[in-house]
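A quick write-up on the structure given underneath.
Throughout, read-outs are computed from the coordinates displayed, never taken from laboratory work. Computed from a predicted structure; not experimentally measured. Positions of Cβ are generated from backbone atoms using ideal geometry, with glycine treated the same way; all protein chains shown enter the neighbour counts.
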Amino acid sequence: MFTLNFLFYFPLFFEVDCLKYFCIKILEKTDFMATLKVLVVDDEPGIRSGIERILRNYSVGFPFMDEDFDFEILQASSGEEAIDLINEKKPDIVLLDNKLPGMDGIEVLEYIKNKQIESLVMMITSYASLDLAVKATQNGAYNFVPKPFTPQELKSAMENITKHLYLRRMTKQMTNGQGQQARNRFLSVLSHELKSPINAVEGYLKMMKDKQVGNQLDDYMVMIDRSIERLSGMRNLIMDLLDLTKIESGKNTREVRKVDLVEIVRKANYSVEPYAFQRKVKVYLDLPEVLFYMADNAEMESILNNLLSNAVKYSKPDGGNVNLLLKRESDKIILKVEDSGIGMSEEDISKLFNEFVRIKSEKTRGISGSGLGLSIVKKLVEEYNGKISVESLPDKGSIFTVELPINM
């Protein structure tokens, strides 16, 4: 006989799913049932009752899950009885012995596979062989737990299979339409935008700790400034992700009141001034004295901050200009943000407001960003039944125009 203890650990790919899910979870919150149905298929009553005792008061929880999971135990003493329960109860997890009266475990596993039933199957058997392992794996078995097993071994196996089940369902939800492509683009952006600055800051801190360039604080001011800049970029990315999460989940708490858009524009300008100064970009404001609008202050700030900082970011350094116009025009408010930057092609404009999109070219190399800012702006503008448009010419610049209907 071939002992299959090593197969207890064979589905190591769940760690990759874990990392992927950790990134995706920032973007989308999904609630699942707190109780998972577990069907135990074994002809030995002692095994079935023993598993039920072990799992009766056991729950599984991880930091990335919304809630802990406990287990409802179903029992079957034969393959035929198992299939009836699978069709009727649709268990989430099946603990399946192979040596059964009538149909054996592999036949039950083949039935689950052929019917495309979504139950995850873990084999529990005393009669493990390499041939059985191959057949079970080919038919979609997630794992093996050789009998006899200790309570801790069973709990560890249930922890792994529960985690994998949860991640698989999340991944399935995100493969509809263009969701998978969008999330893949996000992962690419996230890995670059977070890993690179973390590595840089860590390197600077190690150099300071070892006093590699001197003993005075002034010797390290450049490193400190660069670390602050990197951390600021990471904070902005996280804030973008939080904004997007609130909007898409429908849990964005809105406090609609009369706000002065002129004041919000000035605050946004104050925020972007240091960056504009660094890039030697001049910002010009054309504003009325006041312009009141019924809106959520934080949402208006997000729109203005994103548009203004985006214009500065993509303006030509050393002499670029950004012009912001705000006015009321009959029954709507007009906001225009114009830059003298690198501009865009028609093809780039068509995908500009999609999530996680960043325009890539030689001219944008070195310009960081999450690719979320403009998609957030568009979603917020549409919350007010408004619209946003863009006109742009390569090497000439871009004009973003927001129209908000008067709601006072």
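Packing order of peptides 163-169, 112-118, highest average first: 163-169, 112-118 (average count of other Cβ atoms within 10 Å over each peptide's residues). Going through the cross-link list Lys37/Lys163; Lys89/Lys135; Lys282/Lys378; Lys258/Lys378; Lys89/Lys147; Lys258/Lys327, which pairs have a Cα-Cα distance over 23 Å in this structure? Violating the 23 Å limit, Cα to Cα: Lys89/Lys135; Lys282/Lys378; Lys89/Lys147.
Suppose R0 equals 51 Å; then what is the FRET efficiency for Lys209 and Asn87 from their Cβ-Cβ distance, rounded to the nearest 0.05? Display every interim value, and only then the final one.
Working: r = 63 Å, r/R0 = 1.23.
Computed FRET efficiency for Lys209 and Asn87 comes out at 0.20.
In this label model, Lys396 and Arg56 are separated by 7.8 nm, measuring between points 7 Å along each Cα→Cβ vector.
Taking 0.36 nm per residue of sequence separation and removing the Cα-Cα distance, the Asn114/Asp68 pair yields an extension gain of 13.4 nm. Applying 0.36 nm per residue to the separation of Leu217 and Arg168 and subtracting their alpha-carbon distance, the gain on full extension is 12.6 nm. Note on Lys155 and Glu229: the extension gain reaches 22.1 nm, defined as 0.36 nm multiplied by sequence separation minus the Cα-Cα distance.
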